[in-house]
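Just below is one structure, and these are the notes that go with it.
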Amino acid sequence: MAHQWQGVIAEYIDRLPFAESDPVVTLREGGTPLVYSRALSEQTGAEVYVKVEGMNPTGSFKDRGMTTAISKVLQTDDKIVACASTGNTSASAAAYAVAAGLECAVILPAGKIAAGKLAQAIMHGAKLVAVDGNFDDCLNIVRELTESYPVALVNSVNPYRLQGQKTASFEIVDELGDAPDIHILPVGNAGNISAYWMGYMEYAGKTTPASIDDSATRLEARATKVPQMWGFQAWNAAPLVLGHPIEAPETLATAIRIGNPASWDYAIDARDTSGGFIDRVTDEEILEAQSLLAAQTGVFVEPASAASIAGLLKTSAAGKVPEGAKIVCTVTGNGLKDTATALAPKGELSFDPIAPTIDAAVAALNL
Ligand SMILES: *Cc1c(COP(=O)(O)O)cnc(C)c1O
């Protein structure tokens, strides 16, 4: 019988801070497709794959960290989970809270959430509070809230989030047989680039999972090397590129509209230890990359996700992509979450109806 994917905790329990007897809340996240892109490979002279994280249960990579974070909440007395969110964290937290039988409170920046993500949080029954401020303001509120009330924080400052998210690196190595040469990610709050780096380092046997010291000796290395980590922020939300927090970050890629990344130090360590870099791309480059990926590779992602593709193309245009390098780009979330932004540059959608005949259809299709 073919193996059916069980979710990231079950698949990688020997490398996660869980025992077999611990409660697990899962929607069978992870096991996402690693898709070879002929178009991107031809354009860059490299061997390019996209890790399609929009295929997770709530449509973004956040589910990998939510299964671990919310499973851990079941070991406490907390009955409510809370997060600040640019959209996908709330969608994921709300769904996993339902699966766990917990309440979910979401603090989000007013007017800055894509409609699809808001719909998810509402349908999963989360309590929503809109704040007249940005993501960073929301995160500050949640942090204070969880310090004084019996509420569990499930933003990526919760260390179990990164533990779950690191499993994406494991899957990539398991599929390719070794680590790629270069790994490219969009960067917002910088949790994901930090988690991938942790995963690659652990799988190569260069570090051992902090929480698993007594079994550490039993973990074999599964990769012979680690990749360079390349991160891309949005042009006007690029604190890691500029080297200081930004008061009023702006980008239509709302999932990376963050001015003061929580995982700042980890991200800088990933960049420097791996010999990579963090750069920025404009909103125009992001939309262009989103269009290209949909039209030439067959993968429809949300704008923030396309920052990794935009960064690859920009670096390639500058002649800085090594010939033949094996490259994985994480595309973080599903395009269906934010169709308004995707369609805006295409202009007004209008269809002139034709007569209901085969001839009229043939004529309209120019066959
Ligand atoms: C959360 C998110 C990001 C940013 O990830 P960080 O870990 O905050 O850097 C990028 N893209 C999508 C779709 C996201 O949901």
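Being over 19 Å from Leu162 (Cα atoms) and out of contact with any Ser or Thr (no Cβ under 9 Å at 6 or more places or on another chain), is that true of even one residue in the stretch 194-209? Before the answer, list the steps.
Looking only at the stretch 194-209, we keep the residues that are over 19 Å from Leu162 (Cα atoms), and these are none.
Scanning the stretch 194-209 turns up no residue that is over 19 Å from Leu162 (Cα atoms) and out of contact with any Ser or Thr (no Cβ under 9 Å at 6 or more places or on another chain).
Scanning the stretch 132-168 for residues being within 11 Å of Met66 (Cα to Cα), open to solvent by 20 Å² or more (accessible area, probe 1.4 Å) and hydroxyl-bearing (Ser, Thr, Tyr) gives a total of 1.
Taking the stretch 67-87, which residues are under 20 Å from Thr254 (Cα atoms) and open to solvent by less than 10 Å² (accessible area, probe 1.4 Å)?
Correct list: Ala82, Cys83, Ala84, Ser85, Gly87.
Counting just the residues of the stretch 214-273 that are within 12 Å of the ligand (Cβ to nearest atom), part of a helix (DSSP H, G or I) and of a type in the set (Val, Ile, Thr), which one comes out nearest to the chain's Cα centre (by Cα)? Taking the candidates together, the pick is Ile256. Looking at the structure I just gave you, is Thr297 β-branched (Val, Ile, Thr) and more than 19 Å from Tyr196 (Cβ to Cβ)? The answer is yes for Thr297. Kindly establish whether Tyr196 is in a helix (DSSP H, G or I), touching a residue at least 60 places away in the same chain (Cβ under 8 Å) and open to solvent by less than 20 Å² (accessible area, probe 1.4 Å). So Tyr196 fits the description; yes.
Residues satisfying the criterion are absent from the stretch 275-298 (criterion: in a helix (DSSP H, G or I), touching a helix residue (DSSP H, G or I) at 6+ places or on another chain (Cβ under 8 Å) and under 21 Å from Ser169 (Cβ atoms)). When Gly111 is tested against (1) within 19 Å of the chain's Cα centre (by Cα); (2) open to solvent by 10 Å² or more (accessible area, probe 1.4 Å); (3) within 21 Å of Phe135 (Cα to Cα); (4) not basic (Lys, Arg), only condition (1) is not met. Inspection of the stretch 30-50 identifies at least one residue that is surrounded by 21 or more Cβ atoms within 10 Å (Cβ to Cβ) and on the phi > 0 side of the Ramachandran plot. For the criterion of being over 19 Å from the mean Cα position of the chain (by Cα), under 26 Å from Asp181 (Cα atoms) and either more than 16 Å from the ligand (Cβ to nearest atom) or not β-branched (Val, Ile, Thr) (or both), Glu53 fails.
Figure legend. Inter-residue proximity from the stretch 3-26: first residues touching a residue at least 60 places away in the same chain (Cβ under 8 Å), second residues among the β-branched types (Val, Ile, Thr) and part of a loop (DSSP other than H, G, I, E, B), beta-carbon distance below 8 Å, spacing 6+ or different chains. Indicated pairs: Gly7/Val24; Gly7/Thr26; Val8/Thr26; Ile9/Val24; Ile9/Thr26. Hey, could you check the stretch 310-320 for residues that are open to solvent by less than 40 Å² (accessible area, probe 1.4 Å) and touching a Phe, Trp or Tyr at 6+ places or on another chain (Cβ under 9 Å) and say which is farthest from the ligand (Cβ to nearest atom)? The residue in question is Thr315.
Identify all residues within the stretch 344-361 that are among the hydroxyl-bearing types (Ser, Thr, Tyr) and either surrounded by 10 or more Cβ atoms within 10 Å (Cβ to Cβ) or within 30 Å of Ala114 (Cα to Cα) (or both); write none if there are none.
Looking only at the stretch 344-361, we keep the residues that are among the hydroxyl-bearing types (Ser, Thr, Tyr), and these are 350, 357.
Selection gives Ser350 alone.
May I ask you to say which residue of Leu162, Leu185 is touching a Gly at 6+ places or on another chain (Cβ under 7 Å), in a strand (DSSP E or B), under 26 Å from Ile13 (Cβ atoms) and within 15 Å of the ligand (Cβ to nearest atom)? Spell out the reasoning first.
On the way: Leu162 fails: in a strand (DSSP E or B).
None of the others qualify; the one that does is Leu185.
Number of residues in the stretch 321-367 that are over 30 Å from Ala253 (Cβ atoms) and within 16 Å of the ligand (Cβ to nearest atom) equals 0. If you go through the stretch 169-182 and keep only what is more than 16 Å from the ligand (Cβ to nearest atom), touching a helix residue (DSSP H, G or I) at 6+ places or on another chain (Cβ under 8 Å) and either open to solvent by 10 Å² or more (accessible area, probe 1.4 Å) or in a helix (DSSP H, G or I) (or both), you end up with Phe170, Val173.
Scanning the stretch 83-124 for residues that are among the hydroxyl-bearing types (Ser, Thr, Tyr) and modelled with pLDDT of 95 or more, which turns out farthest from the ligand (Cβ to nearest atom)? So that I can check it myself, show each step before the final result.
Of the residues in the stretch 83-124, the ones among the hydroxyl-bearing types (Ser, Thr, Tyr) are 85-86, 89-90, 92, 96.
If we keep only those that are modelled with pLDDT of 95 or more too, we end up with 89-90, 92, 96.
On the way: Thr89: 6, Ser90: 10, Ser92: 8, Tyr96: 15 Å.
It comes out as Tyr96.
Do the conditions hold for Asp338, that is, is it buried (at least 23 other Cβ atoms within 10 Å of the Cβ), among the charged types (D, E, K, R) and more than 12 Å from Trp230 (Cα to Cα)? Show your work before the answer.
Details: buried (at least 23 other Cβ atoms within 10 Å of the Cβ): yes; among the charged types (D, E, K, R): yes; more than 12 Å from Trp230 (Cα to Cα): yes.
Judged against the criteria, Asp338 is a match.
Checking each residue in the stretch 281-304 for being within 13 Å of the ligand (Cβ to nearest atom) and open to solvent by 40 Å² or more (accessible area, probe 1.4 Å) picks out only Phe300. Figure legend. Inter-residue proximity from the stretch 260-279: first residues of a type outside the set (Phe, Trp, Tyr), second residues away from the ligand (no atom under 14 Å from the Cβ) and assigned to a loop (DSSP other than H, G, I, E, B), beta-carbon distance below 7 Å, spacing 6+ or different chains. Indicated pairs: Asn260/Pro245; Ser274/Val226; Ser274/Pro227.
The values are calculated or read from the model by the stated rules, or taken from the named source; none is laboratory data. If you're wondering where the values come from, they're calculated on a predicted model, not measured in any experiment. Methodologically, a virtual Cβ is constructed for each residue, glycine included, from the backbone with ideal geometry; neighbour enumeration extends over all protein chains shown. In case anyone asks, the SASA skips ligands and DNA or RNA and just uses the protein heavy atoms, side chains included. Shrake-Rupley method; radii C 1.70, N 1.55, O 1.52, S 1.80 Å.
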